[in-house]
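Each reported figure results from applying straightforward, stated rules to the coordinates on display, with no laboratory input. Since we're looking at a predicted model, the values are computed, not measured. Every residue, glycine as well, gets a Cβ built from its backbone with ideal geometry; the counts of neighbours run over all protein chains shown.
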Amino acid sequence: MIISRTPLRISLGGGGTDLPSFYRQNGPGFLIAAAINKYVYVAVHENFESKYLLKYSEIENVPQLSEIKHPMIRAAFAHLGVEPGVEVTSIADIPAGTGLGSSGSFAVGLLNAAAQYMGRSVENEWLASTAADLEINVLNEPVGKQDQYIAAFGGLTAFEFNGDETVAVEKVNMHPSDRHDLEHSLMLFFTGIRRSASDELRVIANSSPGRSNRVRENLDEVRNAGYEALKVLESGDVEKFGALLTNQWRLKLARQPSRVHDEIDAAIEAGIRAGAFGGKLIGAGGGGFLLFAASNRRAVRNAMSGQGLVEVPIAFDQVGATTVTA
């Protein structure tokens, strides 16, 4: 049995510029993300019957590849040439649809476990690029590349997404004590709202020409904020970085106004009034998790409790995609 463990992520700067609709026309995209110690696990094992036995939020037991309903499993197995007679089980620390990149993590973990089940040794770059290609070009999901790349590489990492589809990967250069202070300052709270990232991103992809221009200008500012966030992180200024989180949230709010986002904005303001340096919504929007940078963690925790939000403690994952053999 091969079991993959793949981290989820939080985006810290430049979110949205990893979308092909942006970097192919206005590139490069630039983004900073951190892998966290919350994981997707995928187990791949030989099946006694000559069928595909798949266990995720549903259960499938089918004899033909074409009968598999789960689009990513079907696409990954077709790409790798996985024959019937295999069982796949997936579980996760955090449910899907909460803005932490679960679909990308699942794709990377599935490819990692399935490739090793097939006797193939694969590198992180192959995992990231293949997972992104399957999601974006084969399944036509309106998603970006950050989730697959941070899931594969782990750590606190900066990515540059080029128009020729190459991706430059660079670890954020922080002094260990500054990295510790940043990690200790970050607080994650669940809003209780789950949504499809694809649905949120499809709205942007299908925007009218006039709105598309405004979105492009907005994402130009987001990219600049990402570059600024890298400088601030490498300088070790956690308080200034927190203010940049809020600035990025304001850009997202302008890009995707909604009643739900107004409610989220009120929660972010409550956290800042309680002493947080700043905060933002993680992921494509519509719900999911709030991220704050704060030194007075107790005051922010109490403020979010008053908003009905549940804290999920996190730390950085430095390993990225990995597997064990059972």
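See the values below:
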quantity	calculated
Charge sum, other residues only, whose C-beta stays under 15 Å from TYR39's C-beta, Lys/Arg counted +1 and Asp/Glu -1	0
For the stretch 221-321, size of Cβ-based charge dipole, Lys and Arg +1, Asp and Glu -1, in debye	100 debye
Computed label-point distance, nm, for sites ASN47 and MET118 using a 7 Å Cα→Cβ extension	1.6 nm
Neighbour net charge for ALA267 - beta-carbon separation under 15 angstrom, K R +1, D E -1	+1
Dipole-positive endmost among SER177, ALA34, ALA274 within the chain (Cβ charges, Cα centre)	ALA274
Selection from ALA299, ASN213, TRP126, by position along the positive dipole direction of the chain (Cβ)	ALA299
Choice from SER235, SER212, SER121 with maximal GNM fluctuation in the chain (Cα, 10 Å cutoff)	SER121
Assigned charges on the beta-carbon of Lys, Arg, Asp, Glu; the stretch 37-174 dipole about Cα centre (debye)	260 debye
Using distinct alpha-carbon pairs, which all enter the 1/r mean, Kirkwood radius of the chain in Å	20.0 Å
Sparsely packed GluC sites (Glu not before Pro) within the stretch 111-150, loop by DSSP, other Cβ within 10 Å at most 16	GLU123
Calculated SAXS-style log₁₀ I(q)/I(0) at q = 0.11, 0.25 Å⁻¹ - the stretch 40-141, Debye, Cα scatterers	-0.30, -1.58
The stretch 1-103: trypsin sites (Lys or Arg not before Pro) in DSSP coil with no more than 12 other Cβ atoms inside 10 Å	LYS69
Estimated FRET transfer efficiency when R0 is 25 angstrom, pair ASN26-LEU139 (beta carbons, to 0.05)	0.55
Cα Rg over Rh - the stretch 1-60, Kirkwood	1.20
Label-point separation, ASP93 to ARG298 (7 Å along Cα→Cβ), nm	2.6 nm
Charge context of GLU67, other residues only, Cβ under 10 angstrom, K/R +1, D/E -1	+2
Over the stretch 213-306, equivalent-ellipsoid semi-axes from the Cα gyration tensor in Å	22, 19, 8
Tensor-based shape of the stretch 126-194 (alpha-carbon gyration tensor, a/c under 1.5 rounded, otherwise prolate or oblate)	oblate
Top positive-direction residue, dipole computed over the stretch 212-297 with Cβ charges, set VAL238, GLY288, LEU251	GLY288
Candidates GLY81, GLY109, GLY226: whichever shows maximal mean-square fluctuation once the chain is modelled as a Gaussian network with Cα springs under 10 Å	GLY81
Total charge dipole magnitude, the chain, about the Cα centre, Cβ charges on Lys, Arg, Asp, Glu only, Debye to nearest 20	740 debye
For the stretch 102-163: rounded, prolate or oblate by the Cα gyration tensor [a/c cutoff 1.5]	oblate
Alpha-carbon centroids, the stretch 1-72 and the stretch 119-146: separation in whole Å	8 Å
Cross-link reach list, lysines versus LYS171, counting only Cα pairs under 23 Å and skipping chain neighbours closer than eight places	LYS38, LYS145, LYS231, LYS240, LYS280
Paramagnetic reach from GLN307 (point 7 Å along Cα→Cβ, amide N under 19 Å) across the stretch 217-260	239-260
Filtered chymotrypsin sites (Phe, Trp or Tyr not before Pro), the stretch 24-53: DSSP coil and at most 13 other beta carbons within 10 Å	PHE48
